[in-house]
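Notes follow once the structure below has been shown.
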Amino acid sequence: MRLNRLLAVAVLLPVLAACASTASEQSASNAPASSSSTSTPAADKPKVVAAFYPLQYAAQSVGGDLVNVANLTQPGVEPHDLELSAQQVAEIAEADLVLYIKGFQPAVDEAIEQQAAGRAIDVSAGLALLAAHEDEAGHADEDGHEHGMQDPHVWLNPINMALIGTAIKDRLSDIDSANAAAYMSNSEALRTSMTTLDQKFSSGLGSCTITTMVVSHEAFAYLAEAYGFTQVGISGLSPEAEPSPARIKDVANIVTQDGVTTVYYETLVDPKVAQTLADETGATTAVLDPLEGLQPDSDGDYISVMESNLATLKAGQACS
């Protein structure tokens, strides 16, 4: 099967060369340092396709220079809205491993179902998932939940990122058993860095005066649950959903009642609704990055962006 895939890649190479080259360059620019046990020719390295940035980061952390990693969601693109090109579908079809979160990007789900059955990992499987408390329009149903929907934003808890790294390590070790020891070492290094990051958040956010966290859309439930906050989203799971006037009024009342001083907006989403709410309530605004993707000119990575989020939360939630 491995040989057949390599032959297929050779046939498709003239079509895919430009796309693959761009993805490889973007992957390399944000790759964390990691160890490897051998020098493997590029053509023989397992090909990993990540649906969006945090999964790219995890794959590069575990795979190091032993794997080729491509990201389907380019910098600056909002991943919820991703539409795949024919070249990207071909990348999925020829990948040894595809990393995604089921339900987060419908176009990726469809391509995996058609092209990569058995070669993909839903990295949220096995994690303790939180229910989505609001629907895509930002309104709770009668019992406060959209039935059957779970929040996909698992990567905003560093401990979940460590577990995602373990899942990637297990699959890469099956695909490329000769380098299993290197994948194990890299996975443990990722776990250590995520544990350290978790400890920084726990320490920095351990004594905050304001525990209500008002955000532009409901992307931060895992972070809020891990560090003692209650998330209140102006919009629901989709950042593009327009909240109703009634929803904005409800959130404005919460801001006033709970003494909220900061309304958070995001890097890849228009901040006008968050700014309007802040203006109406006397709050300020600040950027809280959901890490769904990096800005095109960013030189940061998962850890540096999360550390920036920590500093923003310490100020916005009045933490001592």
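Below is a table of values for the structure above.
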item: When residues of the stretch 244-268 are limited to those that are surrounded by 17 or more Cβ atoms within 10 Å (Cβ to Cβ) and in contact with a Ser or Thr (Cβ under 6 Å, 6 or more places away or on another chain), the one farthest from Leu288 (Cα to Cα); result: Ala252
item: Hey, Val260 over 23 Å from the mean Cα position of the chain (by Cα), assigned to a loop (DSSP other than H, G, I, E, B), not polar (S, T, N, Q) and not assigned by TED's automatic domain parsing to the domain that holds Asn71 or not; result: yes
item: Qualifying residue in the stretch 246-257 (condition: within 17 Å of the chain's Cα centre (by Cα) and touching a residue at least 12 places away in the same chain (Cβ under 8 Å)); result: no
item: Residue within the stretch 204-221 that is modelled with pLDDT of 95 or more and assigned to a helix (DSSP H, G or I) present; result: yes
item: Candidate set from the stretch 304-320 (those that are touching a Phe, Trp or Tyr at 6+ places or on another chain (Cβ under 9 Å) and among the hydrophobic types (A, V, I, L, M, F, W, C)); member that is farthest from Phe229 (Cα to Cα); result: Met306
item: Residue under evaluation Gly300, criteria (1) in contact with a helix residue (DSSP H, G or I) (Cβ under 9 Å, 6 or more places away or on another chain); (2) crowded, with 17+ Cβ neighbours inside 10 Å, criterion not met; result: (2)
item: Residue in the stretch 156-173 that is over 21 Å from the mean Cα position of the chain (by Cα), at pLDDT 95 or above, small (Gly, Ala, Ser) and surrounded by fewer than 19 Cβ atoms within 10 Å (Cβ to Cβ) present; result: yes
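The values are calculated or read from the model by the stated rules, or taken from the named source; none is laboratory data. The structure presented is a predicted model; accordingly, all values stated were derived computationally and were not measured. We place every Cβ from the backbone using ideal geometry, glycine too, and count neighbours over all the protein chains shown.
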